[in-house]
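Participant: Pasting in a structure now, in structure tokens, and then I'll have a few things to ask.
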Amino acid sequence: MDVQALEREAQSAFAGASTPAELDEARVRYLGRKSPLKQALREVRDRESGMSLNAARERLETAVTAREEELGRAELDRALAEDVVDVTLPGEAQRRGHLHLITQIRREIEDVFLGLGYEVVDGREVETTRYNFDALNFPEGHPARSRLASLYLNGDVLLRTETSPAQIRVMESREPPVYMVSLGRVYRRDTPDATHNPIFHQVEGLAVDEGITLADLKGTLLYAMRALFGEEREIRFRTHYFPFTEPSIEPDVSCFLCDGGGCRVCRFSGWIEMGGSGMVHPALYEHVGYDPERYSGFAFGLGLERIALLRHGLPDLRQLWDNDLRLLSQF
Ligand code: DAH
């Protein structure tokens, strides 16, 4: 075999390859397992022809690698020249989400009370009957304790039916003064309709200190309602009953739509019911070891969905749970 002629042929084939595929073809032909060169190397008998064949093989391999790099660089140059990026083209718009309406209202309320020096405290969504009922002075046999009304996990463990157990947990953990709000989900065995959902949100408030009166409750709620519904709002109280407050009061806020004149939203009364409140029942102090002679306090609980519905004139609170962006993106 004429090694020199073969090598010349191979070199010019490598140099003439203008694409990686062509180069690969040439490499298989001249350096592959079945190439004449490899064949000859397998059959070599004497040292001299072995050395010259090997030297030729090495030169050819070096040549292939060099040509490979050349072709790669050429390809890169071509791509850089052709695939020009026009940086002035508008980008692909990314749709940006935002917080859910209930989360917005939750944060708004937290801000209002943080501004008044309150602490924001996390309660527990899974509670025991002790915190959800007993310590809140619910009598045995109260309908809320029923398995038909509340969602029990087992025995005396249930999904909290209100945020009020947070009052007990906070009072248990420290001495007065206590100024706290606690916001979150609560659970009831209700059939969903326009104004009910088995899961909803409440804000709980609690202030315990020396010399707290009903006037402080009224002033605090008035401040919060004005922050949420506008500076012109007024507050009125109606007496009510809750096991954990005495006296118990239901606050109404003057209708923000008709300014008290009467409309559909306030059912032509000029007032809108906001939730429950009252002076903390002394029985709660007994449970947590506070001195009821020394301390007094108020508490309140409001529903966040209700605030959202009122503020935005939504007809059905289930819409807040449907995750329909056509609705949610409006707020
Ligand atoms: N926990 C009551 C409910 O879910 C709301 C409530 C009423 C909370 C009076 C309070 C309160 O803190 O003082 O209906």
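Participant: Which is surrounded by fewer than 21 Cβ atoms within 10 Å (Cβ to Cβ), away from the ligand (no atom under 16 Å from the Cβ) and part of a helix (DSSP H, G or I), of R306, R311? Even if it seems obvious, please write down each step before you answer.
Facilitator: Working: R306 fails: away from the ligand (no atom under 16 Å from the Cβ).
Testing whether each residue is surrounded by fewer than 21 Cβ atoms within 10 Å (Cβ to Cβ), away from the ligand (no atom under 16 Å from the Cβ) and part of a helix (DSSP H, G or I) leaves just R311.
Participant: Quick check on segment 181-200: of everything there that is within 11 Å of the ligand (Cβ to nearest atom) and touching a helix residue (DSSP H, G or I) at 6+ places or on another chain (Cβ under 6 Å), which residue is farthest from P292 (Cα to Cα)?
Facilitator: Among those residues, the one meeting the criterion is F200.
Participant: Turning to a different aspect of this structure: Identify all residues within segment 257-273 that are open to solvent by 10 Å² or more (accessible area, probe 1.4 Å) and modelled with pLDDT of 90 or more; write none if there are none. Don't jump to the end; show me each part of the working.
Facilitator: Residues of segment 257-273 open to solvent by 10 Å² or more (accessible area, probe 1.4 Å): 257-265, 267-269, 271, 273.
Within segment 257-273, F268, S269, W271, E273 qualify.
Participant: In this structure, is R294 within 21 Å of G97 (Cβ to Cβ) and away from the ligand (no atom under 16 Å from the Cβ)?
Facilitator: Working: within 21 Å of G97 (Cβ to Cβ): no; away from the ligand (no atom under 16 Å from the Cβ): yes.
No.
Participant: Would you check which residues across segment 229-256 are open to solvent by less than 20 Å² (accessible area, probe 1.4 Å) and either part of a strand (DSSP E or B) or more than 12 Å from the ligand (Cβ to nearest atom) (or both) and list them?
Facilitator: F229, R233, I235, T245, S248, I249, P251, D252, V253, S254, C255
Participant: OK, next. For residues that are within 60 Å of the chain's Cα centre (by Cα) and either under 22 Å from L76 (Cα atoms) or of a type in the set (D, E, K, R) (or both), tally how many sit in segment 27-41. Give the derivation first.
Facilitator: Going through segment 27-41, the residues within 60 Å of the chain's Cα centre (by Cα) turn out to be 27-28, 32.
Restricting the remaining residues to those that are either under 22 Å from L76 (Cα atoms) or of a type in the set (D, E, K, R) (or both) gives 27.
Selection size over segment 27-41: 1.
Participant: Which members of segment 314-328 meet the condition of being free of Cβ contacts under 8 Å to residues at least 40 places away in the same chain and loosely packed, with under 11 Cβ neighbours inside 10 Å? I'd like the intermediate steps shown before the answer.
Facilitator: Let us first name the residues in segment 314-328 that are free of Cβ contacts under 8 Å to residues at least 40 places away in the same chain, namely 314, 319, 322-327.
Of everything in segment 314-328, those that are free of Cβ contacts under 8 Å to residues at least 40 places away in the same chain and loosely packed, with under 11 Cβ neighbours inside 10 Å turn out to be N323, D324, L325, R326.
Participant: In the set R188, R174, which member is of a type in the set (D, E, K, R), farther than 25 Å from G117 by Cα, open to solvent by 60 Å² or more (accessible area, probe 1.4 Å) and modelled with pLDDT of 95 or more? If you could, list the steps in order and put the result at the bottom.
Facilitator: Working: R174 fails: farther than 25 Å from G117 by Cα.
On inspection, the qualifying residue turns out to be R188.
Participant: Of the conditions (1) loosely packed, with under 13 Cβ neighbours inside 10 Å; (2) part of a helix (DSSP H, G or I), H98 satisfies every one except a single condition; which number is it?
Facilitator: Result: H98 passes all but (2).
Participant: Here's another thing I want to ask about it. Condition test on G276, is it in the same structural domain as T163 (by TED's automatic domain parsing) and exposed (fewer than 14 other Cβ atoms within 10 Å of the Cβ)?
Facilitator: No; evaluated as a whole, the condition is false for this residue.
Participant: Does V64 count as surrounded by 15 or more Cβ atoms within 10 Å (Cβ to Cβ) and within 19 Å of H201 (Cβ to Cβ)?
Facilitator: Against the criterion (surrounded by 15 or more Cβ atoms within 10 Å (Cβ to Cβ) and within 19 Å of H201 (Cβ to Cβ)), V64 does not qualify.
The values are calculated or read from the model by the stated rules, or taken from the named source; none is laboratory data. Note that the structure is a prediction, hence the values are computed from the model and not measured. A quick note on method: Cβ atoms are made from the backbone with ideal geometry, for glycine too, and the neighbour counts reach across all protein chains shown. These accessible areas exclude ligands, DNA and RNA; they are computed on the full protein's heavy atoms, side chains included. Shrake-Rupley method; radii C 1.70, N 1.55, O 1.52, S 1.80 Å.
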